[in-house]
Amino acid sequence: MVASVLPTAMADEQAPAAKPFSIAFSGDIKPVAHGDLRYPSYAGSRNLSGRCDVSFAINQAGEADAIRISSCSSEAFRLAAKSTVQAMAFAPRASAVDGVKMQIRWTLGERAALQTAGLD
């Protein structure tokens, strides 16, 4: 996924250049789709990269539920972690799955990409 962080600017100011970033997921189950994923603006404006460990359930329809953020490298990523998992879709299942673990990493840099890794 090619993406960038676009800082805001006042009308009479020139906006800073967009910053490329990557978002990587690794965990128990790989998502089959995701919505619009964003870099946290506060973190992007301060050139912060970070990671969060999350756990959640997946219902029979393949939607994440009961999302819990267990740890984050910075509070700037805590809300982004929850919205990132909410934007994901997983394969439908015969029964709900609880205790799914995932790590999400946001990195600013020259190479913009979306990377996923799963164990299923």
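The values are calculated or read from the model by the stated rules, or taken from the named source; none is laboratory data. Since the structure is predicted, the reported quantities are computational estimates derived from the model, not experimental observations. Because the Cβ atoms are built from the backbone with ideal geometry, glycine has one as well, and the counts that use them run over all protein chains shown.
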Scope region 43-70; condition in a strand (DSSP E or B), closer than 17 Å to Lys30 by Cα and of a type in the set (Gly, Ala, Ser); matching residues | Ser55, Ala57, Ala64
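Pull up region 71-102, narrow it to residues that are in a strand (DSSP E or B) and out of contact with any Gly (no Cβ under 6 Å at 6 or more places or on another chain), then point me to the one that is nearest to Val32 (Cα to Cα). Steps first, answer last, please.
At the first step, the residues of region 71-102 found to be in a strand (DSSP E or B) are 71-72, 88-89, 97-102.
Now restrict to residues that are out of contact with any Gly (no Cβ under 6 Å at 6 or more places or on another chain): 71-72, 88, 97-100.
Values: Ser71: 24, Cys72: 24, Met88: 8, Val97: 16, Asp98: 18, Gly99: 18, Val100: 15 Å.
In this case the residue turns out to be Met88.
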Applying the selection to region 53-86, what residues are modelled with pLDDT under 95 and out of contact with any strand residue (DSSP E or B) (no Cβ under 8 Å at 6 or more places or on another chain)?
-> Glu75, Leu79, Ser83
